[in-house]
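Down below is the structure, laid out as C-alpha cells.
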Amino acid sequence: MRLSEIRFAFAVASSLAVAVAGCGAGSEDGDGGAGGTEVGSGPGGTGSTGSGFTGGSTGSGMADDCLAQAKLIYLVSVDYELYSFDPTIAGTAAYDLVGPLSCASGGAPQSMAVSRDGTAYVFYDTGELFRVSTTDASCQSTSYVHPVQQGFNQLGMGFTAASEGSKDEVLYIVSPAFGLATVAFPSFQVSQTGALVGAAELTGGPDAKLFHFAAANAALGEIGLPSYSLAPMHVFSELSGTGAWAFSRYAGKFYLFTSPGDGFPSTTTEYDPVTDSSTTRDASIGFTVVGAGQSTCVPPPPPM
C-alpha cells in the first residue's frame, strides 16, 4: 500500500466530483473480473494458465488441510513480484522469490491476503481481485466487484479464523471509500459494516483476532469482533514518513514492511505485543513491499 496513491486517489475523487456536477452522471463501474482462469500479459510476466493452484476451497473445514506453503508469510512487491517470507530464518535469506505476477490488469498490485489453502488474493488499484498461486505466482481473475469503483482504488485485507482454532475463515477488507467489510466465498459478495472508514491494512490469525495498521499515524490496533471497535496497541514512532507499507502476523508477533516509497527497499520491523517492544529485523530487504499476508495455518501465539 502506498501513501502517494492515497493522495492521487483523493485528487481523482475531487476531479470526478467536478465531472459529475457538470454532466449529471456517475463514473462508477464496479466490474471486478469475469472469473475463471486468466491468461495475463501485465508487467510481471507473459501470462499464466493458473497451473499452480492447489484446488482447495476457502473455509472448507477439512482436517489436516494445511499445506507447507500455507504456513509462510507472503509479500507482493511494487515490481509485480510475489515472495515468501519465513520468519524462522535469519536475515534476508528468509525472503524467497516465488515468481513474477502476470495478472491481466492495467493496474498495479496494492494489497494482499492469503487463504488457508495457500492461495494469495491480490487486490489491484483498478478494483480487481486476483487469485495468485503461492507455488508459481500464476494468476486467475475472480468475480469480485469493488463496492465503490474509482479511478484509483485502495484496500487493506486479511483473513482470520471464524473462531479460535477453527479451520473456517473470514476475509475482512477495509477501504477509505466504504470502511470495514467482509467478502463471502465462493460468491465474493461484499457485506459492508460502515465501521473504520480510512486507509489501513489488516491481518488476522488462527486465534480469530483481527488487527489494523494505519501508516498515517504508524498506529497498530486490535479490532473488536463483532463490535468493530478499535483498541490502540502501539505507535511506531520510528516508522513516521512511511510511503509504502504492509504487515502480517506469525506466532503472535507482527512483521511490518515499510518504505519511504517506490524505489526504496522495505525495512522489516518485528513487534512483540507481549513485551511491547519493536526491533528492526532487516534494515533493507532489497525490494519494496506493497502487500503482505499469511493464512490461518501459521503458528498461533504461544500460550500465556
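Under the classification rounded if a/c is under 1.5, otherwise prolate if a/b is larger than b/c and oblate if not, where does the range 250-304 fall, given a ≥ b ≥ c as square roots of the Cα gyration tensor eigenvalues? Here the range 250-304 falls in the oblate category.
Let a ≥ b ≥ c be the square roots of the eigenvalues of the Cα gyration tensor of the range 95-218; is it rounded (a/c under 1.5), or, if not, prolate (a/b larger than b/c) or oblate? Please list the in-between numbers first.
Values: a/c = 1.42, a/b = 1.07, b/c = 1.33.
Rounded.
For the range 266-274, backbone phi angles converted through the Karplus equation (6.51, -1.76, 1.60; θ = phi - 60°) give residue-by-residue couplings of 6, 9, 9, 10, 9, 10, 9, x, 5 Hz, Gly and Pro being listed as x.
Which shape class, rounded, prolate or oblate, goes with the range 148-264 when its Cα gyration tensor gives a ≥ b ≥ c as root eigenvalues, a/c under 1.5 marks rounded, and past that a/b bigger than b/c marks prolate? Cα axes put the range 148-264 in the oblate bin. Highest mean packing first, where packing is the average number of other Cβ atoms within 10 Å per residue, the peptides 238-244, 212-218, 222-228 line up as 212-218, 238-244, 222-228.
Each residue of the range 78-87 is assigned a 3J(HN,Hα), and the resulting list reads 5, 9, 6, 10, 9, 10, 9, 9, 10, x Hz, derived from the Karplus form 6.51 cos²θ - 1.76 cosθ + 1.60 (θ = phi - 60°), x at Gly and Pro. The separation of the range 198-216 from the range 255-304, counted between C-alpha centres, amounts to 13 Å.
When ranked by the protection proxy of mean other Cβ atoms within 10 Å per residue, highest first, what sequence do the peptides 291-299, 67-75 form?
Numbers: 291-299: 24.9, 67-75: 21.0.
In decreasing order of mean packing, 291-299, 67-75 become 291-299, 67-75.
Relative protection proxy for 157-164, 113-120, 176-183, 281-288, from highest mean packing down: 113-120, 157-164, 176-183, 281-288 (other beta-carbon atoms within 10 angstrom). Shown in residue order for the range 275-285 are the 3J(HN,Hα) couplings computed by the Karplus curve 6.51 cos²θ - 1.76 cosθ + 1.60 at θ = phi - 60°: 9, 6, 10, 10, 9, 7, 6, 9, 5, 8, 9 Hz (x for Gly and Pro).
Values in this text are rule-based calculations from the coordinates and carry no lab data. If you're wondering where the values come from, they're calculated on a predicted model, not measured in any experiment. Quick reminder, even Gly has a Cβ in these numbers, built from the backbone with ideal geometry, and neighbours come from all protein chains shown.
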